[in-house]
Amino acid sequence: MANTTVRGAFAIHGKNPQHLVEAVIRNRVYESTYWKEHCFALTAETLIDKAIELKAIGGVYGNQKPTEFMCLLLKLLQIQPEKEILLEYLQADEFKYLRALAAMYIRMTFRAAEVYEILEPLLKDYRKIRKRDMSGFTLTFMDEFVDELLNEERACDIILPRITKRDVLEDTGEIGPRKSRLLDAMEGKEESDRSRSPSRSPSRSRGPSPSRSDVTDESIGRGRSRSRSVVSDMGSRYVSRSRSRSLAGSPYRSRSRSISPDRVNGVSNSNVPSPYRSRSRSISPDRMETTTH
């Protein structure tokens, strides 16, 4: 009576739920001490306490002894809890071995479309879990264990029921395309960049800047006005650095870039001999006119 399936249980994949586990492993579970002492009269509620105490996942170890994980899995197949209870098992993030136990049961009993929809979100769980097999304890991760359930034919030393491939279910329209976490992150980054770009553009253009043509015209006008004022006031043989013509209307331009000593000392009389000697080789247009006449 302790090893029989609960009355009123539904057939899964056309057979008794307990028969999803091979007969050899199932008989070893019935004979194990853990099954007789801890799994007797367990319910969907009291089984949670036993699942929290688990230290590893796995099928058999040592001399073909079943693990505690396998014993509780067979107990779930025997009592066949409701779907809402199993989903609550999966939502218990703090108990990773309870989540692994529920994922294993869902993979063995649910339809293919529901398996993909329920287990694929668990691929984001990267926590470490221990696995016990014939070689001892090994370290694995929750996402690797879920990926093994979705893609491999065996898990925890038992043969998994066959399910339809995901691409076939997508072609028939039973499930949608798989959502990539990396693609969602890239799309979110592009949206953030687009939202930042219009906010930065107004801050850069604070006001209308003057054009180059306005600046050059203004500077040329200032240079011409300064050169004309210097020529009219000085009247000496020294000419300013600008290229403007003298007041006498001479066609010659002075190439001298030196500054007149009279301008430095503030002397405006051209008849006073200057003690300074100009080093420029250019000749003032005024001197050229006096020599010609």
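Laboratory data are not the source of any read-out in this text; all were calculated from the coordinates shown. Nothing here was measured: the structure is a model prediction, and the numbers come from that model. Every residue, glycine as well, gets a Cβ built from its backbone with ideal geometry; the counts of neighbours run over all protein chains shown.
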*asked:* If amide hydrogens are placed 1.01 Å from N in the peptide plane, which non-local residues have theirs closer than 5 Å to the one on LYS65?
replied: none
_Roughly how far apart, in whole Å, are the Cα centres of the range 73-114 and the range 7-26?_
16
*Taking only the alpha carbons of the range 15-95, what extent do you get along each of the three principal axes, in Å, biggest first?*
34, 31, 20
*asked:* Based on C-alpha coordinates, I'd like the Rg and Dmax of the range 20-174, in Å.
replied: 15.1, 49
*Amide H neighbours of ASP133 under 5 Å, counting only residues 5+ apart in sequence or on other chains, H built in-plane at 1.01 Å?*
THR138
*asked:* At a 10 angstrom cut-off on C-beta neighbours, averaged per residue, how do the peptides 154-165, 8-19 rank from highest to lowest?
replied: 154-165, 8-19
*Once phi is turned into θ = phi - 60°, what whole-Hz ³J(HN,Hα) does the Karplus curve with 6.51, -1.76 and 1.60 give for every residue of the range 7-14, x standing for Gly and Pro?*
5, x, 6, 8, 6, 10, 6, x
*Can you pick out the pairs among LYS128/LYS165; LYS50/LYS131; LYS55/LYS75 whose Cα atoms lie more than 20 Å from each other?*
LYS128/LYS165
*Over all directions, average the projected area of the Cα convex hull of the range 14-53 and note it in nm².*
3.6
